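Everything on this sheet refers to the single structure shown next.
Every number here is computed from the coordinates shown, using simple stated rules; none is lab data. The model shown is predicted, which means the values in this text are computed figures rather than measured ones. Here the Cβ positions follow ideal geometry from the backbone for every residue, glycine too, while neighbour counts run over all protein chains shown.
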Amino acid sequence: MKIFLLLSLIISAFNTGLIWLVQLVHYPGFAKIGEEAYKGYQEFHMRAISWIVGPSMFSELAITAIGLFYWQCLPYKNLYVIAAGLVLIIWINTAFWAVPAHSELVQNGQDQALISRLVQINWWRTISWTIRTGLLAHMVYNLTQS
């Protein structure tokens, strides 16, 4: 189980670093792009980021699902269930708020209010991944000490 939790931590830490970059640099940068170039840039963003975010999010979901299947064997079961719940929050936020906001930006072009809302919506994912990584790091650390 140690390797399983370590793999979960690695994927979650990658996603955490990526989401902080998106939250602090990339999304706020949407407001700085000229209106004429914006639609093309948003299309590029969605196409390019999908190659990074898609595999890492699906890997994290798969590893989490496997962990829940073996939940009874896991140490720190309650922390793992909380970490799994955070994956659910991330996916719900992505599916119902972030992706539709991006689609609207592609369709309608630059919209400062929508970009601002996207930044606000993304805090849920940023905080959830940060907490999840902290919980997994705590579990892995404690397992290495025993």
- Query: Using the alpha-carbon atoms, what tilt in degrees (0 to 90, nearest 10) does helix 99-108 show relative to the longest principal axis of the chain?
  - Reply: 10
- Task: Please express the Cα-Cα pair-distance distribution P(r) of the chain as a list of whole percents, one per 10 Å bin, running from 0 to the bin with the greatest distance.
- Result: 11, 40, 27, 15, 6, 1
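Using the Cα centre of region 22-146 as the reference point, and only Cβ charges (+1 on K/R, -1 on D/E), how large is the resulting charge dipole? Debye, rounded to the nearest 20. Numbers along the way, then the final one.
On the way: 7 positive and 6 negative charges, 71 e Å.
Roughly 340 debye, rounded to the nearest 20.
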- GNM result for the chain, Cα springs below 10 Å: residue of 13, 98, 62 fluctuating most strongly: 62
- Which angle between 0 and 90 degrees, to the nearest 10, do you get for helix 35-69 versus the longest principal axis of the chain when only C-alpha atoms count? 10
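Using square roots of five times the C-alpha gyration tensor eigenvalues, list the equivalent-ellipsoid semi-axes of region 50-112 in whole Å, biggest first. Can you show the working numbers first?
Working: eigenvalues 204, 28, 10 Å².
One finds semi-axes of 32, 12, 7 Å for region 50-112.
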- On a 0 to 90 degree scale, rounded to 10, what angle separates helix 77-93 from the longest Cα axis of the chain? 10
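Per residue of the chain, what 222 nm ellipticity follows from adding -39500 (n - 2.57) for every DSSP H run with n ≥ 4, rounded to the nearest 500? Before the final figure, lay out each step's value.
Working: 6 runs with 120 residues, N = 146.
Estimated from H runs of four or more residues: -28500 deg cm²/dmol.
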- Message: Give me the one-decimal Kirkwood hydrodynamic radius in Å for region 11-57, with the sum taken over alpha-carbon pairs.
- Response: 11.5
